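Here's the structure we're looking at; comments come further down.
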Amino acid sequence: MSFTVSGLPVEIFKPLFGLDDAALAERGIVRHVAQAGERCPCRITLEDARPGETVLLLNHRHHDVATPYRSDYAIFVNETASATRHTEGELPPVLENRPIAVRAYDRNGTLLGAELALNNDVAAVIERRFSDADVAYLHAHNAAHGCYAARIDRA
């Protein structure tokens, strides 16, 4: 089964890029410089920031639905992001080599089920979840911290 993985729209965050730390703090946002060996996964580019790059740590509503499953949480966005990443039939770096929770939703945004991908088997979990015709889309989350990683749709 073919699937697409999408990052968050860069246009949402561009107005924040380059703001000074005081202006960010007023919005509850923290600027952070990525360090060697640290994972700061950007939800726009769907890759980890390289050492020395700045990321913004902010709260974002990633599941804006009129159900009890509406959700927001802390995410990173890289200030160097210039375009939203979309992949078809392949996993972006933020979904590889780390435990990922895959949540399956119906057309109304109601959670139908969830599954952990702990052994670099995200693609297999995606295929299993999409074998259910009632599943409209998937959300991937970092399993340990619970933060949103990306949206997955049928291609």
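General observations
- Qualifying residues in the range 76-95 (those that are over 17 Å from L19 (Cβ atoms) and β-branched (V, I, T)) - the one surrounded by the most Cβ atoms within 10 Å (Cβ to Cβ): V94
- Taken over the range 30-68, residues that are part of a loop (DSSP other than H, G, I, E, B) and under 14 Å from A81 (Cβ atoms) amount to 10.
- The range 13-29, residues that are part of a helix (DSSP H, G or I), surrounded by 13 or more Cβ atoms within 10 Å (Cβ to Cβ) and of a type outside the set (F, W, Y): K14, L16, L24
- Scanning the range 79-95 for residues that are outside any helix (DSSP H, G or I) and β-branched (V, I, T), we see that the one that is farthest from E53 (Cα to Cα) is T87.
- Qualifying residue in the range 96-109 (condition: assigned to a loop (DSSP other than H, G, I, E, B), more than 16 Å from the chain's Cα centre (by Cα), surrounded by fewer than 18 Cβ atoms within 10 Å (Cβ to Cβ) and modelled with pLDDT under 95): no
- Within the range 110-132, the set of residues being under 20 Å from T67 (Cα atoms) and assigned to a loop (DSSP other than H, G, I, E, B) comprises just one member, T110.
- Qualifying residues in the range 1-12 (those that are in a helix (DSSP H, G or I) and not acidic (D, E)) - the one surrounded by the fewest Cβ atoms within 10 Å (Cβ to Cβ): I12
- Residues in the range 133-146 that are assigned to a loop (DSSP other than H, G, I, E, B) and modelled with pLDDT of 95 or more: A133, D134, V135, A136.
- Entry remark, the range 90-130: residues being closer than 19 Å to S2 by Cα and polar (S, T, N, Q) number 1 in total.
- Residue in the range 20-41 that is within 14 Å of the chain's Cα centre (by Cα) and within 18 Å of D153 (Cβ to Cβ) present: no
- Restricting attention to the range 30-59, the residues that are surrounded by 18 or more Cβ atoms within 10 Å (Cβ to Cβ) and either among the β-branched types (V, I, T) or in contact (Cβ under 8 Å) with a residue 60 or more places away in the chain (or both) add up to 6.
The values are calculated or read from the model by the stated rules, or taken from the named source; none is laboratory data. For clarity, every value in this text was computed on a predicted model and none was experimentally measured. Please note: Cβ atoms are built from the backbone with ideal geometry, for glycine as well, and neighbour counts cover all protein chains shown.
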